[in-house]
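These notes are about the structure you will find just below.
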Amino acid sequence: NRFSNGIELHEHIVRNSISAAGNIEWGADRIAKLERENEKLIKENASLLEKINDYDQLNNRLTKTLQKNTSDTKTFFSPKNILIILLSLLITGFIIERLFFNRNTTRQNGNSVSTLDTNNAPNTSQDNIQLGLARNFLMSGRVEEAKLIYKALAIQDIPEAMFEYANLVLLNENDKSNCAEAIEYLKRSVTKGYAPAKRTLGLLYSLPDDDITLKQQGYQGCSFTLDIPRGAKLLMEASLEGDTSASRLIDELNLKYGRQ
């Protein structure tokens with residue numbers, strides 16, 4: 001009884017048909033729009049993943065480069081390379097010093113006169129006699145007599161005597177109470193240019209914690225200061241002045257620090 005006649009029924013059917021068609025059309029547009037947005041999101045996601053992958057690759061390359069540079073830096077600054085560079089600089093510096101020293105002359109009355117260092121005046125004949133006597137005592141095992149003579153001459157700043165007295169004190173296994181005095185005499189002998197003193201002090205500066213080497217050389221028991229640059233310099237100077245023992249000690253230094 002909803003419709004009074006057939007015309008009203010027909011109009012109702014037409015209206016509902018149009019409305020349904022509109023709804024279907026609206027739904028199709030909505031679905032198409034959602035599909036377009038979904039495709040856009042898929043593309044953006046793919047682009048983002050590609051950028052992330054590129055970033056990961058770049059980060060890996062940077063990490064490898066940094067590790068390589070760090071490794072190269074550690075290799076370059078290894079103790080072995082530092083020692084080699086140091087010794088090279090010392091050789092160059094010593095040669096330059098010698099060249100300038102040899103040219104340090106003055107012209108006087110038309111003659112070339114070398115500039116003399118009054119601190120390195122030659123020993124007197126009496127000094128040489130006393131040194132010879134001390135050597136004979138030492139060779140015959142009379143160490144205390146030799147030490148007394150060397151001490152008397154060391155007080156007079158005679159390079160050989162200062163070195164020999166200091167060396168005997170350091171080698172004395174029973175009495176290490178005069179280590180500081182011995183080191184001081186060694187330093188004074190070095191300032192006089194005495195090669196054996198340079199070699200010994202260079203060893204003590206370079207390997208103060210190497211108990212095995214110090215024991216082999218007879219210098220155990222005293223405390224020495226670590227100063228590798230200064231020690232290497234003294235050893236190199238002694239080696240260039242013809243001290244073969246200093247050359248062997250330099251080789252030992254290369255072996256010791258080359259393993260680290």
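The values are calculated or read from the model by the stated rules, or taken from the named source; none is laboratory data. Please read these numbers as outputs of a predicted model, since none were measured by experiment. Cβ placement follows ideal geometry from the backbone for every residue including glycine, while neighbour counts extend to all protein chains displayed.
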Item checked: Candidates Leu133, Leu201, Leu87, Leu148, filtered to the one that is of a type in the set (A, V, I, L, M), modelled with pLDDT of 80 or more, under 23 Å from Gly242 (Cβ atoms) and in a helix (DSSP H, G or I) -> Leu201
Check: Among the residues of the stretch 208-243, which ones are at pLDDT below 90, charged (D, E, K, R) and more than 19 Å from the chain's Cα centre (by Cα)?
Finding: Asp211, Lys215
Note to self: Anything in the stretch 204-242 that is in contact (Cβ under 8 Å) with a residue 40 or more places away in the chain, over 17 Å from Leu170 (Cβ atoms) and surrounded by fewer than 20 Cβ atoms within 10 Å (Cβ to Cβ)? List them, or say none.
What the structure shows: Ile228, Pro229, Leu240, Glu241, Gly242
Note to self: Which numbered condition in (1) within 19 Å of Leu214 (Cβ to Cβ); (2) touching a helix residue (DSSP H, G or I) at 6+ places or on another chain (Cβ under 7 Å) is the only one that Ala134 fails?
What the structure shows: (1)
Checklist line | Residue pairs meeting the criteria (Cβ under 6 Å; at least 6 apart or on separate chains; first in contact (Cβ under 8 Å) with a residue 24 or more places away in the chain and farther than 16 Å from Gly231 by Cα, in the stretch 163-188; second in a loop (DSSP other than H, G, I, E, B) and of a type in the set (A, V, I, L, M, F, W, C)) | finding: Lys176/Cys222; Cys179/Cys222
Check: From the set of residues in the stretch 129-154 that are surrounded by 15 or more Cβ atoms within 10 Å (Cβ to Cβ) and small (Gly, Ala, Ser), which is nearest to the chain's Cα centre (by Cα)?
Finding: Ala154
Check: Which pairs have Cβ atoms under 8 Å, sit 6 or more apart or on different chains, and link a residue in the stretch 141-161 that is in contact (Cβ under 8 Å) with a residue 12 or more places away in the chain and farther than 12 Å from Lys192 by Cα to one that is part of a loop (DSSP other than H, G, I, E, B) and among the small types (Gly, Ala, Ser)?
Finding: none
